[in-house]
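Data block below; observations after.
The values are calculated or read from the model by the stated rules, or taken from the named source; none is laboratory data. If you're wondering where the values come from, they're calculated on a predicted model, not measured in any experiment. Every residue, glycine as well, gets a Cβ built from its backbone with ideal geometry; the counts of neighbours run over all protein chains shown. Keep in mind that these areas ignore ligands, DNA and RNA; they rest on the heavy atoms of the full protein, side chains included. Shrake-Rupley method; radii C 1.70, N 1.55, O 1.52, S 1.80 Å.
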Amino acid sequence: MDSNQSLFERAQRVIPGGVNSPVRAFRAVGGTPRFIARGQGAYLWDAQGQRYIDYIGSWGPMILGHGHPAVLAAVHAAVDDGLSFGAPTERETELAEAIIALVPSVEQLRFVSSGTEAGMSAIRLARGATGRAKIIKFEGCYHGHADALLVKAGSGLATFGHPTSAGVPPEVVRDTLVLEYNNLDQLEACFAEHGPALACAIIEPIAGNMNFVRASNAFMAKLRALCSAHGTLLVFDEVMTGFRVALGGAQSLYAAAIAGFAPDISVFGKVIGGGMPLAAFGGSRDVMAQLAPLGPVYQAGTLSGNPVATACGLATLHEIARPGFFDALSARTQALVAGLSAAAAQAGVPFVADSQGGMFGFFFAPELPQHYPAVLATDKARFNRFFHAMLARGVYLAPALYEAGFVSAAHSADDIAATLAAARQAFAEPA
Ligand SMILES: *Cc1c(COP(=O)(O)O)cnc(C)c1O
């Protein structure tokens with residue numbers, strides 16, 4: 001029995017499913033999860049000593065690759081000064097200033113420790129600020145595991161959702177309306193019916209939790225216009241896309257395409273922590289003034305704005321803000337995506353792929369899906385075979401077709417070439 005297998009069996013005795021976040025268990029693709037011993041640059045090594053080119057990057061945060069020297073130095077220095085104080089530190093202000101300088105729609109923000117907390121707090125803030133209860137979410141988008149957001153579309157035209165998890169009473173999701181991504185007609189109908197009751201609409205602008213699906217400019221412009229017309233707040237969940245698809249996040253891309261575009265509240269995580277537990281939500285000074293201790297919306301956290309996490313985040317943001325960083329990262333990611341598409345075409349495999357900045361996705365399908373039902377209709381069996389064929393060749397892709405992939409600044413042209421060589425063999429494998 002190999003070390004990964006024995007570690008997995010041991011873990012399963014004391015941790016449900018052997019993992020602390022379900023997708024790590026490889027249930028979607030089958031097989032034994034790799035227990036990671038260490039990471040450096042673009043690589044991970046598992047418990048067997050096997051090396052992998054890492055396209056998960058801790059699900060997004062590791063945009064500089066593992067063990068970036070400037071980030072490690074900042075973390076080491078912060079650790080020496082103390083792990084946590086439960087009191088304000090200058091570094092929290094510095095990180096807030098750094099983020100605000102890059103994201104014009106955000107005037108103030110509050111730090112928390114996970115994307116889940118940030119999304120949940122943003123919803124509470126939107127409800128508190130508007131005095132309304134109903135929220136819109138889009139099917140296939142993930143905003144963390146808060147009760148009100150664990151909901152899927154109802155049947156037929158009903159937009160009232162059903163809980164996707166046991167332990168979430170139907171009453172808790174009664175005010176969550178679930179709409180199809182990129183569906184303009186549904187969006188208009190929903191605002192026509194519920195407009196005055198809608199506190200906010202929360203969206204992943206480029207959805208990375210149903211692989212990789214962009215909201216079209218037309219859809220986003222309509223969503224913004226309807227929110228503005230009805231006094232509904234537009235919440236951009238940029239936990240994945242923030243500082244990943246562009247230095248200014250996905251909102252900078254929509255602002256470039258849609259005149260006057262800006263979300264009302266933004267949610268960040270992943271890259272802003274550089275691999276440590278850190279997330280944030282922010283917006284205009286007016287909206288943020290609703291939060292305690294200034295306003296009536298309660299929100300708090302013992303480890304919020306942790307001094308080690310903020311040091312890690314600041315050092316990470318400093319590196320990615322260097323001139324040319326995103327051009328180089330985008331070019332590398334595009335080379336991967338173009339190479340995969342060419343290899344699939346050569347093998348006669350129906351395959352489509354897309355990328356933005358350092359985030360990418362691919363599907364075994366004739367065309368890019370525009371919403372969750374279309375993602376579900378792509379070839380899952382083929383994805384799973386490809387996943388294992390790549391893993392066996394030392395390429396670590398996300399172990400489920402519902403996940404986006406990530407390239408880091410540490411991925412070299414040689415790493416991309418090695419990945420494409422593996423992909424040519426994987427595509428050619430018989431079913
Ligand atoms: C990862 C993610 C979250 C949840 O963040 P956690 O830190 O895992 O709680 C929320 N929204 C989006 C878009 C994410 O990708």
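Of these, Leu198, Leu223, Leu233, which one is at pLDDT 95 or above and within 28 Å of Ala98 (Cα to Cα)?
Matching residue, one of Leu198, Leu223, Leu233: Leu233.
Being part of a loop (DSSP other than H, G, I, E, B) and more than 10 Å from the ligand (Cβ to nearest atom) is the filter here; which residues of the range 227-241 pass it?
Passing the criteria: Gly231, Thr232.
So which of Arg224, Arg244 ends up being over 19 Å from Ser114 (Cβ atoms) and not in a strand (DSSP E or B)?
Going through Arg224, Arg244 in turn, just one is over 19 Å from Ser114 (Cβ atoms) and not in a strand (DSSP E or B): Arg224.
How many residues, within the range 41-76, are within 16 Å of the ligand (Cβ to nearest atom) and either touching a helix residue (DSSP H, G or I) at 6+ places or on another chain (Cβ under 6 Å) or farther than 21 Å from Ser21 by Cα (or both)?
Final tally of qualifying residues: 3.
Which residues, counting only those in the range 401-431, are buried (at least 18 other Cβ atoms within 10 Å of the Cβ) and assigned to a loop (DSSP other than H, G, I, E, B)?
Selection gives Leu401, Tyr402, Glu403, Ala404, Val407, Ser408, Ala409, Ala410, His411.
Taking the range 1-31 as the search range and keeping residues that are open to solvent by less than 40 Å² (accessible area, probe 1.4 Å) and over 16 Å from Ala398 (Cβ atoms), which one is nearest to the ligand (Cβ to nearest atom)?
By that ranking, first place goes to Gly17.
Yes/no matrix, rows are residues, columns are (1) in contact (Cβ under 8 Å) with a residue 40 or more places away in the chain; (2) over 20 Å from the mean Cα position of the chain (by Cα); (3) over 22 Å from Phe387 (Cβ atoms):
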site: Pro16; (1), (2), (3): no, yes, yes
site: Gly30; (1), (2), (3): yes, yes, no
site: Gly39; (1), (2), (3): no, yes, no
site: Ala42; (1), (2), (3): yes, no, no
site: Asp46; (1), (2), (3): yes, yes, no
site: Gly49; (1), (2), (3): no, yes, no
site: Gly57; (1), (2), (3): yes, no, no
site: Gly67; (1), (2), (3): no, yes, yes
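Can you work out which of the residues in the range 83-134 that are away from the ligand (no atom under 16 Å from the Cβ), assigned to a helix (DSSP H, G or I) and among the hydroxyl-bearing types (Ser, Thr, Tyr) is nearest to Phe281 (Cα to Cα)?
Here the answer is Thr93.
Restricting attention to the range 167-189, which residues are in contact with a strand residue (DSSP E or B) (Cβ under 8 Å, 6 or more places away or on another chain), free of Cβ contacts under 8 Å to residues at least 24 places away in the same chain and outside any loop (DSSP other than H, G, I, E, B)?
Of everything in the range 167-189, just one residue is in contact with a strand residue (DSSP E or B) (Cβ under 8 Å, 6 or more places away or on another chain), free of Cβ contacts under 8 Å to residues at least 24 places away in the same chain and outside any loop (DSSP other than H, G, I, E, B), namely Pro170.
Please pick out the residue among Pro373, Pro350 that is part of a helix (DSSP H, G or I), over 30 Å from Ile99 (Cβ atoms) and open to solvent by 50 Å² or more (accessible area, probe 1.4 Å).
Pro373
Only one of these conditions is not met by Gly208: (1) on the phi > 0 side of the Ramachandran plot; (2) within 16 Å of the ligand (Cβ to nearest atom); (3) not aromatic (Phe, Trp, Tyr). Which number is it?
(1)
Could you tell me which numbered condition Arg34 fails, if it satisfies all but one of (1) surrounded by fewer than 18 Cβ atoms within 10 Å (Cβ to Cβ); (2) touching a residue at least 24 places away in the same chain (Cβ under 8 Å)?
Going through (1) surrounded by fewer than 18 Cβ atoms within 10 Å (Cβ to Cβ); (2) touching a residue at least 24 places away in the same chain (Cβ under 8 Å) one by one, Arg34 breaks only (1).
Please verify whether Pro88 is in contact (Cβ under 8 Å) with a residue 24 or more places away in the chain and surrounded by fewer than 13 Cβ atoms within 10 Å (Cβ to Cβ), treating the condition exactly as stated.
Working: in contact (Cβ under 8 Å) with a residue 24 or more places away in the chain: yes; surrounded by fewer than 13 Cβ atoms within 10 Å (Cβ to Cβ): yes.
Yes; evaluated as a whole, the condition is true for this residue.
Tell me yes or no: at least one residue of the range 263-286 is among the aliphatic types (A, V, I, L, M) and more than 16 Å from the ligand (Cβ to nearest atom). Before the answer, list the steps.
First pass over the range 263-286, keeping only residues among the aliphatic types (A, V, I, L, M): 265, 267, 271-272, 276, 278-280.
Add one more test, that the residue is more than 16 Å from the ligand (Cβ to nearest atom), and what stays is none.
Checked against the condition, which is being among the aliphatic types (A, V, I, L, M) and more than 16 Å from the ligand (Cβ to nearest atom), the range 263-286 yields no hits at all.
Just one of Leu303, Leu314 is at pLDDT 95 or above, assigned to a loop (DSSP other than H, G, I, E, B) and open to solvent by 10 Å² or more (accessible area, probe 1.4 Å); which is it?
Testing whether each residue is at pLDDT 95 or above, assigned to a loop (DSSP other than H, G, I, E, B) and open to solvent by 10 Å² or more (accessible area, probe 1.4 Å) leaves just Leu303.
Quick check on the range 140-157: of everything there that is more than 9 Å from the ligand (Cβ to nearest atom) and open to solvent by 40 Å² or more (accessible area, probe 1.4 Å), which residue is farthest from Tyr181 (Cα to Cα)?
For the range 140-157, the residue satisfying everything is Asp147.
Of everything in the range 190-221, what is part of a loop (DSSP other than H, G, I, E, B), of a type in the set (A, V, I, L, M, F, W, C) and touching a strand residue (DSSP E or B) at 6+ places or on another chain (Cβ under 8 Å)? Give them in sequence order.
Going residue by residue through the range 190-221, those that are part of a loop (DSSP other than H, G, I, E, B) are 204-205, 208-212, 215-216.
After this cut, where a residue has to be of a type in the set (A, V, I, L, M, F, W, C) as well, the list is 210, 212, 215.
Correct list: Phe212, Ala215.
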